[in-house]
Structures are given as C-alpha cells and as structure tokens.
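What follows draws every value from the coordinates through simple rules; no lab data is involved. The shown structure was predicted, so the numbers you read here are calculated from the model rather than taken from an experiment. For neighbour counting, all protein chains shown are included, and Cβ atoms are generated from backbone atoms with ideal geometry for every residue, glycine included.
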Amino acid sequence: MELADQLNRVQGIVQAGLTQVPPQYIQPPQNRPIRAPLSPSITVPAIDLFGFDPDRRDSVRESIGHACREWGAFHVTGHGIPIELLRRVKEIGLTFFNNSSIAEKLKYACEPNSAASEGYGSQMLERDDTILDWRDYFDHHTLPLSRRNPSRWPHSPADYRQVIAEYSDRMGSLAKDILGLVSESLGLQTRCIEDAVGEFYQNITTSYYPPCPQPELTVGLQAHSDFGAITLLIQDDVGGLEVLKDGEWVLVQPLGDDAIVVLLADQTEILTNGKYRSAQHRAVTNSTRARLSVATFHDPAKTRRVSPCSDLIDDSSPCMYREVLYGDYVSSWYTKGPEGKRNIDALLLQP
Ligand SMILES: O=C(O)CCC(=O)C(=O)O
Ligand SMILES: [Fe+2]
C-alpha cells in the first residue's frame, strides 16, 4: 500500500504518528469548536415511546411535538429495538475499524470524488478544495432491497452482514412509526409524512472519529442538517455529537445503549412547512478516545418532488418553501457543501 493511500484516511494519519493535524483539516477560526462550559440544564429531550402503547399515545405525541418544535432532535427509548442488536451494530463497526489494517479496509473503498458511494471513505463532498472532516466512515446502501448488496459490506466478523440487514429492517419500520407520531403531533393523518416521502431510500453510515492531536482546530463532522426526512442515530459513550439550539452548540449526551437519537432532516422541515425545523448538528473530536456512531438515514427517491403539506398552509400560515425535486436537492448539497443549513434556506420563499 502506498503511504498516500494510508494518509487518505484519518485513521491512517493517526497511525502514521503525526502529532500535528495536516493543514487540510484545520478549520477557519469561526468553525473551530469552542469547548464552552456546558450548561447542564440544557439537554436534548428524552422520550419514552412505551412500545407505542395506544393508551400512552396522547402523551407521547405531545412530547414528540414539543421536542420537534423546540429542538428537531431528541432521544427515544421504549422503541422496541432489542438492546443486543443496538450493541452489536456498534461492535461490528468497531471491529471493522479496529481489527483490520487500512490496506484491508481499502478493499471496500468507496469511489473517490463521487457523492455518497457505498463503502469505506473519509471525504464527504465531491469537491477537493474543502476543509476535511476528522472522520472515516463506512456507508451501506440498505433500502429499498434492490439497492442492498451485502457482498460489498465487510466479511468479518461473520455476522456483520446479517446484523446490518436486520438493523436496516428494524430502523426502517421505527422511522415510519416515529414519522407517524410526528404527523399526528401536527394534527395530520398518521401516514401523511410517510406517504409524502414515499418508499424509503435508506443508508446506514458508521462513522469512526480517531483521536485527534489538536481537537481545538478540527471538527469530526462539519455543521450540517441531514438532507433526507429522518435520521436515527446511535453512539458510543464517548460523546461528540452536538446540536445547535438557539444559537448555541449543545452536546447530545450519550444516554446508554438503548437510546436512539432522532434527528429531523430537511425534507421533514419542508413537508411540515417549517413548523418543525431540521436539526443542525456537528461532531467534535477529542484527543484521547476514538468515537463511533451509526446513523441511519431515511430519504425520498431522487425522483420525488417535495413541497409543504397542503393541510399546513392557509392564510395565517402561507407556503414557506418552494417545491424541490429531491435528486436536485441532494446534488446541490454535495456540490455546494452543507455550511449549516444553507441548502434548505435557499428554498425559503420569504428568506
Ligand atoms: O457522528 C455523529 O454523531 C453524527 C453523524 C452525522 O451527523 C451524519 O453522519 O450525518
Ligand atoms: Fe448528520
């Protein structure tokens, strides 16, 4: 393996023993994370779904509505996904990153300079001139089933592919159930958002953030909102995910192995006519411990047109976003870059 290939992955840079971050990873001062003392009173809401018990639905719906309005991000427990599965998904991800050499991992390399291609990568955007994130990842294309090709996923450990396939199915149905509560919390039919999104295009991205010698100069993942409909994320106990709340970055505190973080994404902001906003978030690095997260994205098909639900538009609540072809939205996101929420803000009719 060429040294250049190794240095194309953040883990390779760390293994090469560099003690200073290469210049292409150094953020401009305004994007550097400031580790302000965290205010413990501000925490991302945690909602027990009580296994979708119909007798508890009214109060759960109310909590979801509140969390969506105030944060666009919240933890859920009581969701019915077995804790062993949540743990195993993180373990197999860690095994891939920790128990094989960079050369072995590169057998699964995603296509360079191509947006969201499946496999092992590091650079998120197509452009070469952007500042890089301190992150490596493995992206799996999981739904619809026609996109699912486990032969492109790691072969080891032996249960890797079966675990990802099972996780994909369970997350897909949980995403629908949560979107049902989100719709109801706005007075819409349960399936309103789900039907507007259409068949889910689901990707599962395992992100691995190696320890960084200069965490004050880098970000693990730059500030963005996810471009699809809804993201379900699990993380280990290291911490590093932050959401922007009223102009301040708030740590999404790791809550334990059964908690799943829900992040509303841009298409849900459009469909709800801005009543719920997508969560702007980022990941920060630290100098001592590698961090792992697994994000499951649920998106419309590229051919889908997305516009605000008509039930949410009237004289007192005019239409806020122009209709967009989802494929155009994604291309523009990958070419321009996220820069926080600039892509969805570009669709606002009265910015
Ligand atoms: O690592 C994290 O917690 C964030 C991952 C994320 O935001 C993403 O992959 O879009
Ligand atoms: Fe994200």
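For the chain, the longest principal axis of the C-alpha atoms and the axis of helix 83-98 are separated by about 30°. In degrees between 0 and 90, to the nearest 10, how far off the longest principal axis of the chain does helix 57-70 point, with axes built from Cα atoms? Approximately 60 degrees, to the nearest ten. Alpha-carbon geometry of the range 133-207: the Rg and the Dmax are 15.1, 46 Å, given in that order. Computed on the chain, with alpha-carbon pairs under 8 angstrom and 6+ residues apart, the relative contact order is 20 percent. Taking the C-alpha atoms only, the angle from helix 326-336 to the longest principal axis of the chain is near 40 degrees. Identify all lysines with a Cα-Cα distance to Lys105 below 27 Å; exclude those on the same chain that are fewer than 8 residues away in sequence. Qualifying lysines at Cα under 27 Å: Lys90.
Taking max minus min of the alpha-carbon positions on each principal axis, the range 1-101 gives extents of 60, 36, 19 Å, largest first. Counting only residues at least eight positions apart within a chain, or on another chain, there are no lysines with an alpha carbon under 17 Å from that of Lys176.
Close amide H contacts of His75 (hydrogens built in the peptide plane, cut-off under 5 Å, sequence separation of 5 or more or a different chain): Ala46, Ile47, Val262. Fewest-first ordering of Leu86, Leu18 by other beta carbons within 10 Å of each residue's beta carbon gives Leu18, Leu86. Would you list which lysines come within 23 Å of Lys245, measuring only between C-alpha atoms, while excluding same-chain residues fewer than 8 positions from it? The reachable lysines, counting only those whose Cα sits under 23 Å from Lys245, are Lys275, Lys341.
The Kirkwood radius of the chain, taken over pairs of alpha-carbon atoms, gives through the Stokes-Einstein law at 10 °C and 1.306 mPa s a diffusion coefficient of 77 µm² s⁻¹. Remark: the range 111-125, residue by residue, has Karplus-estimated 3J(HN,Hα) of 5, x, 6, 10, 5, 6, 6, 6, x, 8, x, 9, 8, 7, 9 Hz, where x stands for each Gly or Pro and the curve is 6.51 cos²θ - 1.76 cosθ + 1.60 at θ = phi - 60°. Sorting 149-155, 325-331, 269-275 by their mean Cβ neighbour count within 10 Å, with the most densely packed peptide first, gives 269-275, 325-331, 149-155.
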